[in-house]
Structure formats: C-alpha cells, structure tokens
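Down below is the structure, laid out as structure tokens.
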Amino acid sequence: MKHDEFKRPIIVLTAFGRPTVISSAMEAYLFLADWPAERRDPAHSFAMKACQAAVRGDIEAETVRGVFAAFAEKQDMLAPDIALMSRGRRAGPQSFA
C-alpha cells in the first residue's frame, strides 16, 4: 500500500449522480484540482493543502481522507457508505442509537 492510499475509498457523486471512487490523496488532489474556480472556497483550499501534504508524506492519508470526506459532504456529493449501512442493518436498529 502506498503512503497516500486510503484504507477505504470515498465515493462521491458527480454530474448526474455518477459515482467516482477516490482511493488516495493524489486522486483527491486531482479531483479538487478540477473543481471549478468560481466554486472554490476556504474548505477547498484546506483540502487541497492536506492532499499535497499527504502526497509529500507529511501527514497520514487517513487524515486527508477525513478532510476530503468533510469537503464532499459540505458540497452534498458524499455517497452513503454502503458497507457501514449494510453492517448496521444486520446488527439491527439498536446499532444506530
């Protein structure tokens, strides 16, 4: 496993709800680099800097995963984590309390 790879990928829903899998800090960086300039904000800038730091090996990939997931959620693009949802259903409703 490369130092910038996530333990679990993040799935974001892009144009027309198309899922895009982000598996590493470099993939997250490339996704953010393509973000429209007029929609960039401080959260975008923070996520970009975090990705760059992980690619350099300055911070852990899982830290970037959390930052990128927060950015995607803020933009209403974060796909539900199907693995967590399916585990929750098997465990029953009490697991969500």
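The values are calculated or read from the model by the stated rules, or taken from the named source; none is laboratory data. Model, not experiment: these values are computed from the prediction. Methodologically, a virtual Cβ is constructed for each residue, glycine included, from the backbone with ideal geometry; neighbour enumeration extends over all protein chains shown.
Six or more apart or on different chains, Cβ atoms under 8 Å: show the pairs whose first residue is in segment 49-70 and modelled with pLDDT of 95 or more and whose second is buried (at least 18 other Cβ atoms within 10 Å of the Cβ) and basic (Lys, Arg).
Filtered contacts from segment 49-70: no entries.
Please state which one of Phe46, Phe6 is crowded, with 16+ Cβ neighbours inside 10 Å and out of contact with any Pro (no Cβ under 7 Å at 6 or more places or on another chain).
Result of the check over Phe46, Phe6: Phe6.
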